[in-house]
Amino acid sequence: MAASPVKLQFRVAAPVRLSSEEVTIVRLSMTDRSESRLAATVVLALACWLLPAPASAQVAPGVRAGVSVDPDQFYIGGHIETEPLVERLVFKPNVEVGFGDDLTLAAFNFEFLWKFPRRGSQWGFYAGGGPSINLYQFDGPRDDTEAGVNLVGGLENTRGFFFEFKVGVEDSPDFKFGVGFTFR
């Protein structure tokens, strides 16, 4: 069965002024319900990535790569890390795209991390977790979108280099191990 073309409609509202920043609202509507769910997920992910831009002095971007188990994949991605929201709690949303095991997985992870005191060392531990939206694209005609939860632990140094592991709960990859760098 051939896929029907997707009809997109964009409506741009008048810009809204919030303090010194200007925000433009874009409405997206699609005719197919499953495709509109996918579009809503993508729009939400882009909003989470782009909305912190005015506060760029308060966020640090970064890159990451690693391997996952079930599905067995190699992944690459990027993240931003906020300044502490309270005490040592930071928000570190990230996007990871995995390849292998006859599928492509795009994971949008919304993770909160608690950074433990370093006690004079250049290296420190962190732990946390958060929800994820996982877009599975199989080699065959089937695609799937699943919500999941990740538990995260890692070791980072003061210059931004880190090692990280994730344990997936629900519909996330079972285990991930990665390395990355946050530009501070």
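The values are calculated or read from the model by the stated rules, or taken from the named source; none is laboratory data. As the structure is a prediction and not an experimental result, all values here were calculated from the model. As a convention, Cβ positions derive from the backbone with ideal geometry for all residues, glycine included, and neighbour counts pool all protein chains shown.
Show the residue pairs that are 6+ apart or on different chains and have beta-carbon atoms under 9 Å apart, the first residue being within region 137-163 and not assigned by TED's automatic domain parsing to the domain that holds residue 38, the second being aliphatic (A, V, I, L, M) and not in a strand (DSSP E or B). Note: pairs meeting the criteria are 141/1; 141/3; 143/38; 145/38. Scanning for something loosely packed, with under 13 Cβ neighbours inside 10 Å and either at pLDDT below 95 or not in a strand (DSSP E or B) (or both), does region 152-163 turn up at least one residue? Within region 152-163, one or more residues are loosely packed, with under 13 Cβ neighbours inside 10 Å and either at pLDDT below 95 or not in a strand (DSSP E or B) (or both). Of the residues making up region 81-110, those that are in contact with a Lys or Arg (Cβ under 7 Å, 6 or more places away or on another chain) and more than 16 Å from residue 154 (Cβ to Cβ) number 0. With respect to the conditions (1) among the hydroxyl-bearing types (Ser, Thr, Tyr); (2) touching an Asp or Glu at 6+ places or on another chain (Cβ under 7 Å); (3) under 18 Å from residue 72 (Cβ atoms), residue 172 lacks only one, and its number is (2).
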